[in-house]
Amino acid sequence: MALTESNMLDLGTEAPFFNLPDVRTGKNASLDDLASDLATVVMFWCNHCPYVIHVTDEVLDLARTYQEKGVQFVAISSNDVENYPQDGPKKMKELAEEKDYPFPYLYDESQNVAKDYDAACTPDFYVFDRDRKLVYRGQLDGSRPSNGVPLSGEDLRKALDAVINREQVPQLQKPSAGCNIKWKAG
């Protein structure tokens, strides 16, 4: 597994639109359906990446906490399922139900949404404010598998707290790091 960092999409970018199937419901969900009038967290995610597996429980706890405050979360998997079948919709649904994801888990078969967000790795986190402008992109926190740093969600929590309190989100933002998105050949 090659460690890949976020591309760090420009702050102030408007949230790119998406309309993708939710693997749990089988129905499409769009940015318009999901965006919160407070803050929306878009996460590029997958089933098999050790970096995602490492942060999953912390992200689930963080999502449950901040959803109570009005923040919306959505996870999107864009991996090539021909070469990575464990990231296909059936397995996505199984994992989302097993872990009781409190947010939609969407499948980006065309990979166009990942390209629109300039997503590079899993996990990759984006926070958009009430105007759907990007105010944070980067890491959950400094923890990585095997680095000994405890999970805290500190970086993402600070960004969300700032948005909720209508304060300036810290401009020093560190890239997320994880497995590269598995792009289709050609």
| remark: For the range 58-83 the number of residues that are surrounded by 18 or more Cβ atoms within 10 Å (Cβ to Cβ), hydrophobic (A, V, I, L, M, F, W, C) and in a helix (DSSP H, G or I) is 3
| Of these, Gln67, Gln72, which one is in contact with a helix residue (DSSP H, G or I) (Cβ under 8 Å, 6 or more places away or on another chain) and under 26 Å from Lys133 (Cβ atoms)? | Gln72
| field | Filter result (in contact with a helix residue (DSSP H, G or I) (Cβ under 6 Å, 6 or more places away or on another chain) and farther than 16 Å from Ala177 by Cβ) within the range 112-134 | value | Val127, Asp129
| note | Scanning the range 171-186 residue by residue, the ones that are in contact with a strand residue (DSSP E or B) (Cβ under 8 Å, 6 or more places away or on another chain) and of a type outside the set (Lys, Arg) total 8
| Restricting the search to the range 111-126, which residues are aliphatic (A, V, I, L, M) and surrounded by fewer than 24 Cβ atoms within 10 Å (Cβ to Cβ)? | Val113, Ala114, Ala120
| Flag if Lys91 is farther than 25 Å from Ser36 by Cβ and crowded, with 18+ Cβ neighbours inside 10 Å | yes
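Every number here is computed from the coordinates shown, using simple stated rules; none is lab data. All figures in this text were calculated on a predicted structure; none of them were measured in a lab. Ideal geometry is used to build each Cβ from the backbone, glycine not excepted, and the neighbour counts take in all protein chains shown.
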